[in-house]
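A quick write-up on the structure given underneath.
The values are calculated or read from the model by the stated rules, or taken from the named source; none is laboratory data. Bear in mind the structure is a predicted one, so any value in this text is a computation, not a measurement. No Cβ is skipped: glycine too gets one built from the backbone with ideal geometry, and neighbour counts run over all protein chains shown.
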Amino acid sequence: MTERIKMASKGLDFFYGDFKALKDVSLAFGENRVTALIGPSGCGKSTYLRCLNRMNDLIAGTRVDGLVTLDDADIYDSDLDVVDLRRRVGMVFQKPNPFPKTIFENVAYGLRVNGMTDKARIAERVEASLRHAALFDEVKDRLHESALGLSGGQQQRLCIARALAVEPQVLLMDEPASALDPIATQKIEELIHVLKENLTIIIVTHNMQQAARVSDVTAFFYMGQLIEADVTQTMFTRPREKRTEDYITGRFG
């Protein structure tokens, strides 16, 4: 059975002003798969991730060449609704960034922005999203307290719940556990395994062990280029490129 491609880039170049930060990146993401993007700091991983939901549009002086598709449709088409794109391609950042609102309102926010007004439906979706983020049992008695009172790990799962509430098809995660302790990190990793049943997940990580644990496919970036991508087990045991092997074994990076 051939894998269905959910998202892909073809010949993607990205510029900050005159600086070419990404060079000819072609990479496909299978449906219900976790792809880890690895590579040294400054190699273009996070820049590439933000190209996938057009977050880089918010930075002045940037330019994209090449093609990025979601369900075979060009996401840089001038007629595309960017708000709808970011609903379908959700994002979780490196540092938890809950709004200074209640736990409930953090999750409900996207639903209201997208026009949902039925209070019962909102409450139902908030609970379902918190359950999917493995957080509901910990906060069910505190839903109307400030989200800022949660621990770092709980705040990050709240941000995941907030992204899930609008029912995305793809979830981008930019080092989602780098600011967390080992127990909170384990919860995020367990969550990724569960979420991929319904989502395509693309995760940037500096942590080689994390990439090996959570991903089905690993892609190695170096100096703005995609060096190679393969099934994770193959990448970590028999990489084709010496630069990949050197990075994975800790010779640089």
Is there a residue in region 171-184 that is closer than 30 Å to Met116 by Cα, touching a Gly at 6+ places or on another chain (Cβ under 6 Å) and not small (Gly, Ala, Ser)?
-> yes
Checklist (1) in contact (Cβ under 8 Å) with a residue 24 or more places away in the chain; (2) out of contact with any helix residue (DSSP H, G or I) (no Cβ under 8 Å at 6 or more places or on another chain); (3) over 22 Å from Lys196 (Cα atoms); (4) of a type outside the set (Gly, Ala, Ser) applied to Arg4, failing item | (3)
By residue number, the members of region 133-169 that are among the polar types (S, T, N, Q) and part of a helix (DSSP H, G or I) are Gln154, Gln155, Gln156
Restricting the first residue to region 104-117 and requiring it to be surrounded by fewer than 20 Cβ atoms within 10 Å (Cβ to Cβ), which pairs with a second residue that is modelled with pLDDT of 95 or more and assigned to a helix (DSSP H, G or I) meet a Cβ separation below 7 Å and a spacing of at least six or different chains?
-> Phe104/Val126; Tyr109/Arg162; Met116/Ile122
Yes/no for Ala165 being under 30 Å from Thr249 (Cβ atoms), at pLDDT 95 or above and not hydroxyl-bearing (Ser, Thr, Tyr) = no
Return a yes/no flag: does region 173-195 have any residue that is surrounded by 23 or more Cβ atoms within 10 Å (Cβ to Cβ) and closer than 28 Å to Lys20 by Cα.
-> yes
List every residue pair whose Cβ atoms sit under 6 Å apart, with the two residues 6 or more apart in sequence or on different chains, where the first one lies in region 178-204 and is more than 18 Å from Lys6 (Cβ to Cβ) and the second, anywhere, is among the hydrophobic types (A, V, I, L, M, F, W, C) and buried (at least 20 other Cβ atoms within 10 Å of the Cβ).
-> Thr185/Ala177; Ile188/Ala177; Glu189/Val214
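Every residue, every condition in (1) of a type in the set (S, T, N, Q); (2) within 22 Å of Leu172 (Cα to Cα), yes or no:
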site	(1), (2)
Ala73	no, yes
Asp77	no, yes
Asp81	no, yes
Arg87	no, yes
Gln94	yes, yes
Glu124	no, no
Which ones in region 118-143 are farther than 24 Å from Glu197 by Cα and surrounded by fewer than 16 Cβ atoms within 10 Å (Cβ to Cβ)?
-> Asp118, Lys119, Ala120, Lys140, Asp141, Arg142
Out of curiosity, is Arg87 under 19 Å from the mean Cα position of the chain (by Cα), on the phi > 0 side of the Ramachandran plot and in contact (Cβ under 8 Å) with a residue 24 or more places away in the chain?
-> no
Could you give every pair whose Cβ atoms fall below 8 Å, whose first residue belongs to region 218-241 and is of a type in the set (D, E, K, R), and whose second residue is at pLDDT 95 or above and not in a strand (DSSP E or B), counting only separations of at least 6 or pairs across chains?
-> Glu228/Met235; Glu228/Pro239; Glu228/Arg240; Glu228/Glu241; Glu228/Thr244; Asp230/Pro239; Asp230/Arg240
For region 100-110 the number of residues that are farther than 15 Å from Ala147 by Cα and modelled with pLDDT of 95 or more is 0
Among Leu67, Leu58, which is surrounded by fewer than 20 Cβ atoms within 10 Å (Cβ to Cβ), free of Cβ contacts under 8 Å to residues at least 24 places away in the same chain and within 20 Å of the chain's Cα centre (by Cα)?
-> Leu58
Name the residues in region 74-132 that are in a helix (DSSP H, G or I), among the small types (Gly, Ala, Ser) and touching a helix residue (DSSP H, G or I) at 6+ places or on another chain (Cβ under 6 Å), would you?
-> Ala108, Gly110, Ser129
Is region 29-38 home to any residue that is among the hydrophobic types (A, V, I, L, M, F, W, C), more than 18 Å from Ala229 (Cα to Cα) and either in contact (Cβ under 8 Å) with a residue 24 or more places away in the chain or touching a Gly at 6+ places or on another chain (Cβ under 9 Å) (or both)?
-> no
Of all residues making up region 210-229, the number that are surrounded by fewer than 19 Cβ atoms within 10 Å (Cβ to Cβ) and over 14 Å from Gly39 (Cα atoms) | 2
